[in-house]
Amino acid sequence: MAVPLILKRVATGFVIRKAISKDVKNAEIPPSAVNKIKRGLGNFAKGIVIKTQTNSKEVIRKVNKFESALERAIDKGIKQAGFQLLDIIRTKTEKGIDFNSKPFAPYSEGYLKRLQKEGKETNVDLWYSGKMLGALTPNQAITKTGKHKITLGFARAEERNKALWNQVVNSPKREFFGFNNRTEKIINKSFNQFIEKELKRARI
């Protein structure tokens, strides 16, 4: 069905509408017109060719600018994520809950008597001298350890040992240093929003 329609369309352009509209089989089409029709069909078979002109250097420059902006944004975003996690850990610990939002095991009677004797708070918040949790600050606890990678930890051995005692060694354990799936989703959402804002600010 397609070929006759094409033939008719091409032939009509050569003022032979009358010849093929009445009787295509018996119509006498000049050889020159037939050749033009064949060339037209050949070109049609090749399909449509789209030619474009682009400034490749400008495109490359913008791509490079985008990559640079993205690299910087990710680095900043990772640090922000570290700040946010530190804040969540400290807040949960002060509330007396572990990283899974479960209440800490109560202090032993002996430890409670010691706290009372020394006039300290008896809340189970891992705050005796305040040095361990006080060490969880961005300057002390966050270290860049690779491309788009940071590590949270305790810089001083004394505070690291206290954390290890609470987290791993002591029985019952009070696991304050970590994060669960819910916290991860919260931080991921904040990270994505931060990256989006940074890229908009770059105006690429």
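Where a number appears in this text, it was derived from the coordinates with a stated rule and is not lab data. Bear in mind the structure is a predicted one, so any value in this text is a computation, not a measurement. As a convention, Cβ positions derive from the backbone with ideal geometry for all residues, glycine included, and neighbour counts pool all protein chains shown.
Run the simple label-point estimate for R201 and N180 please: 7 Å along Cα→C-beta, distance reported in nm.
My value for the distance between the label points is 3.3 nm.
For the pair D75 and T151, how long in nm is the line joining their label points, each one 7 Å along Cα→Cβ?
2.0 nm
So if R0 is 25 Å, what FRET efficiency would N161 and E118 give, r being the distance between their Cβ atoms, rounded to the nearest 0.05? Can you show the working numbers first?
Working: r = 21 Å, r/R0 = 0.84.
For N161 and E118, the calculated efficiency is 0.75.
Could you calculate the contour length gain from N139 to I60, that is, 0.36 nm times the residue separation minus the distance between their Cα atoms, to one decimal place in nm?
On the way: separation 79, 0.36 × 79 = 28.44 nm, distance 3.76 nm.
That pair, N139 and I60, stretches by 24.7 nm at full extension.
Which cross-chain or sequence-distant (5 or more) residues have an amide H under 5 Å from the amide H of I150, H modelled 1.01 Å from N in plane?
T145
Hey, what's the Kirkwood Rh for segment 107-204 if you take every pair of different alpha carbons, in angstrom?
On the way: mean 1/r = 0.0605 Å⁻¹.
This gives a value of 16.5 Å.
How much FRET efficiency would the formula 1/(1 + (r/R0)^6) give for Q84 and V169, where r is the Cβ-Cβ distance and R0 is 35 Å, rounded to 0.05?
Numbers: r = 28 Å, r/R0 = 0.80.
Calculated transfer efficiency: 0.80.
Contour minus end-to-end for S101 and Q193, with contour as 0.36 nm per residue of separation and end-to-end as the Cα-Cα distance? Show your work: numbers first, answer last.
Working: separation 92, 0.36 × 92 = 33.12 nm, distance 2.49 nm.
Fully extending the segment from S101 to Q193 adds 30.6 nm.
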